[in-house]
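Chemist: Questions regarding the structure given below will be posed in turn.
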Amino acid sequence: MPDVFQPDTPFADGKILKSITDGVGVITFNNPDKRNAMSLEMWEGFGRALTELRDDDAVRVVILRGAGGKAFVSGADISQFEKTRHNAAASEEYARRSAAERALLADYPKPTIACIQGFCLGGGMQVAMLADIRIASHDSQFGIPAAKLGIAYGFDGLRNLVSLVGPSWARLLMYTGMRIDAAEALRIGLVERVFPEGELWGETMAIALAISENAPLAIKAAKITIAQVLKDAGERDMDAVRNIGTACMDSADFREGRQAFMEKRKPQFKGR
Ligand code: COA
């Protein structure tokens, strides 16, 4: 993975960077001295970067990555805890201040990929698990050391963990606070693909580019429908599933997809 990135836009004093390459938006957690630990300011900057990439029609997919090669995100910035998270009321306020950004990522309308090298811990796991897909390097490590700090991890984070790895692995990880390596993370379904360090960025970009060449409405239909599948039956928005299905099957892109196949050429999708 290249260490030096060409940032288009810095947020949170440069600790969050946003760039765009070939229709792929990239957000970099850039606080390598602290292993990219997330401060509240970084959450806020992260939200702004996500919003700009969401609203940019040229961007079809977003990659999240950590700078410095040693960590994706090492969790919340523990040095802020004495001031911002020292008891239940402060913790509630802390959670409230980052809730909008987490919701933004959870309901993001474009595909998101977490590109993970090095440590992915605590709040870093929360970010990674909110992404649609996780791609990791062989040297990455995963864990939620909440029990080592005395922190309750919260419902949303644990729901995502349980839905990825099942309740028993979630309990083992949470009760022990243990770290697991990339091979184990792959085996239990926490990450989808694992590559050698030197190939991680290229392979992640290849997946992002493959997504960005496909029909945006078909991807949106898959994203919306899978999100509803994961909800409790009574909470599903089946209208949203039907509406995106109709939009997709009536789209110019579906016509283009059929024609391109018959004409043995590559389709040019417009997202309409
Ligand atoms: N919050 C604040 N600072 C952090 C941090 C975090 N989550 N994670 C790392 N840092 C800081 C360290 O305090 C250290 O600062 P210093 O250079 O001023 O001493 C620096 O980052 C480098 O960390 P270090 O522990 O020396 O590096 P390492 O490569 O040996 O280990 C970690 C990296 C991530 C495994 C280790 O720092 C760690 O366990 N961090 C805490 C992880 C955690 O508990 N996260 C959950 C929070 S909810």
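Rule-based calculations on the coordinates, nothing more; no lab input. Bear in mind that the values here come from a model prediction, so they are computed numbers and not experimental data.
Chemist: If each DSSP helix of 4+ residues adds -39,500 (n - 2.57) and the sum is divided by the residues in the chain, what number results at 222 nm, nearest 500 deg cm²/dmol?
Modeler: Values: 12 runs with 132 residues, N = 272.
So the helix-based figure for the chain works out to -14500 deg cm²/dmol.
Chemist: Rounded to the nearest 5, what % of the DSSP beta bridges within segment 1-133 are antiparallel ones? Provide the component values of the computation, followed by the final result.
Modeler: On the way: 9 of 23 bridges.
Antiparallel bridges make up about 40 percent of those DSSP assigns within segment 1-133.
Chemist: Starting from the Kirkwood radius over alpha-carbon pairs of segment 34-154, derive D by Stokes-Einstein at 37 °C in a medium of 0.692 mPa s and give it in µm² s⁻¹. Intermediate values should be presented prior to the final figure.
Modeler: Numbers: Rh = 14.8 Å.
Once the numbers are plugged in, D ends up at 222 µm²/s.
Chemist: Shifting gears a bit: Among DSSP bridges having both ends in the chain, what percentage is antiparallel? Round to the nearest 5.
Modeler: On the way: 12 of 35 bridges.
The antiparallel proportion sits near 35 percent.
Chemist: Have a look at segment 1-92 and give its Rg and Dmax from the Cα atoms, expressed in angstrom.
Modeler: Just the Cα atoms of segment 1-92 yield Rg and Dmax of 14.1, 45 Å.
Chemist: Something else now. Could you give me the ³J(HN,Hα) list for segment 239-252, computed from phi with Karplus coefficients 6.51, -1.76, 1.60 and θ = phi - 60°, whole Hz, x at Gly and Pro?
Modeler: Result, rounded to whole Hz: 4, 4, 5, 5, 4, 6, x, 5, 4, 5, 6, 9, 7, 4.
Chemist: Provide the convex hull volume over Cα atoms per residue for the chain, in Å³. Mind dumping the intermediate values first?
Modeler: Details: hull volume 37.2 nm³, N = 272.
Cα-based convex hull of the chain, divided per residue, equals 137 Å³.
Chemist: Tell me which lysines have Cα within less than 24 Å of residue 266's Cα, excluding those fewer than 8 residues away on the same chain?
Modeler: Hits, sequence-local ones excluded: 110, 220, 223.
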